[in-house]
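The structure appears right after this line, and notes come after that.
The values are calculated or read from the model by the stated rules, or taken from the named source; none is laboratory data. What you are looking at is a predicted structure, and each value in this text was computed from that prediction instead of being measured. Quick reminder, even Gly has a Cβ in these numbers, built from the backbone with ideal geometry, and neighbours come from all protein chains shown.
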Amino acid sequence: MSTIVAISTAPGIGGIGIIRMSGEESFTILEKIFQPIHHNRKKIRGYTIQYGHIIDKNNNMIDEVLVSFFTSPKSYTTENMCEINTHGGMIIMNQILDLCIQNGAKMAEAGEFTKRAFLNGRIDLSQAEAVIDMIQAKTDKEAQMSMEQLEGNLSKKITDIRKKMISVLADIEATIDYPEYDLDEVTQNKVLSVLDVVERDLQTLEKSFYNGKILRDGIRTAIIGRPNAGKSSLLNIILNEERAIVTNVEGTTRDTIEEYISIEGIPLRIIDTAGIRNAKDEVEKIGVTKAIEIAKKSDVIIAMFDITRDLNEEDRDILDLIKNRNAIIVLNKIDLMQEKSFKEIESINKPIVKISTKTQEGIQDLYDEIVKMFQLDKIANNGELIVSNVRHKNSIINARKNLNKARETIMQNIPIDIISIYLKEILEELGKITGESVTEDVIKEIFSKFCLGK
């Protein structure tokens, strides 16, 4: 493989920047541009750092740097690697990057370092996907889930299941190769027994996807209500910043505002929407339509009502919208009016929280209701293995379908060699998770989602 190089730190100005290089020629290329101080660069040892200067072909000093060395096979990619720690700044980093390329390195593709770690056998495909999940994690629990997958917990489980299936296939092959021995009944009983165990394992993994999806994607939460019900004020309180404009003028919010927050370590994707009313302004009409569409696609709706105003037809439209959906009703402005009965609101049997966006009274009650609704306090706290990737979930579903076909085949006394077809399909699907039986197109798509330098 060629020697690749890329800037691994995010674009912009920072205290340090890192240029990463991997491949057989890494140290040879580095020798042409790096002058170490007090060290012999020809005696490179892995897991060491050398201080020195990066120079160009005319011996002009580019920067003062620290270079970390990682020798094959004990490196991220299992190849010879080095990381040049330079001063942060795009001019300096790009100059060093160009020097590496001029001396024989090739610009790395997105995710190519991790791809090499996969292709060289240091990690499997599910672990590689965990790397990007770690980078994109929005909460500590999501990061922990990604770390557990990076450590190989899912891989170990899938490998364990595959071993059981391979053992059964070996028994079936024996009955085909040695028909003079009466092994059919024994093998069928063993297959059914193993299928029952594997079914339970796959079912547990599939069920965990609900929690995994929440941890990874968050809970899509729409705040809806009439104009001036307090939606934008609530968003600002939740975010602890003046993110949305708040005025006494109705219809201030015309488009959506989206932000992530964390409750119990779980990401909530909060979406503030335009006030729902019979708008006359064309732009506001679009905002109202968009608000209703977002509410319909949300995991939970926070429906806000101003308790100082009587319910009108717009409020009733909102109640009708949330009637058959996950929703929490928020009665705002309790600082102005505490005692008031809303029988229409209570009749739809949704949780009701009373708050004041002015005094922030009741905000914690709203958080507690969200935690209760989705049982957030229990997610990722019991040490369970969690599947969060849609690709993994689909492979597990397909494996279960083939498992059921194999079971049906046995019950119908169809020749046992037919069963092996479905068992091989199960192995194929599970192999897609860890990478044993995945296509080059899938691999390319997965690593295209990575950033440069990772």
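Highlighted here are the helices (runs of 4 or more DSSP H) found entirely within region 125-240 that include at least 3 residues which are polar (S, T, N, Q): 125-136, 140-150, 153-177, 184-207, 231-239. Scanning region 406-421 for residues that are surrounded by fewer than 17 Cβ atoms within 10 Å (Cβ to Cβ) and within 22 Å of Lys432 (Cα to Cα) yields a total of 1. Any chance region 294-301 includes a residue that's under 30 Å from Leu215 (Cβ atoms), acidic (Asp, Glu) and modelled with pLDDT of 85 or more? Within region 294-301 (the criterion being under 30 Å from Leu215 (Cβ atoms), acidic (Asp, Glu) and modelled with pLDDT of 85 or more), the answer is yes, since at least one residue qualifies. Please verify whether region 76-85 includes one or more residues that are hydrophobic (A, V, I, L, M, F, W, C), in contact with a strand residue (DSSP E or B) (Cβ under 8 Å, 6 or more places away or on another chain), over 25 Å from Leu215 (Cα atoms) and free of Cβ contacts under 8 Å to residues at least 40 places away in the same chain. No, there is no match, as no residue in region 76-85 is hydrophobic (A, V, I, L, M, F, W, C), in contact with a strand residue (DSSP E or B) (Cβ under 8 Å, 6 or more places away or on another chain), over 25 Å from Leu215 (Cα atoms) and free of Cβ contacts under 8 Å to residues at least 40 places away in the same chain. Confirm whether Arg325 is among the charged types (D, E, K, R), in a loop (DSSP other than H, G, I, E, B) and modelled with pLDDT under 90. In short, no. Listed by position, the helices (runs of 4 or more DSSP H) contained in region 355-435 that have at least 2 residues being under 26 Å from Ala130 (Cβ atoms) are 390-411, 416-434.
For Tyr76, the test of being at pLDDT 95 or above and among the aromatic types (Phe, Trp, Tyr) is passed. The condition of being modelled with pLDDT under 80, within 19 Å of Gln360 (Cα to Cα) and out of contact with any strand residue (DSSP E or B) (no Cβ under 9 Å at 6 or more places or on another chain) holds for only one of Ile237, Ile286, Ile245, that being Ile245.
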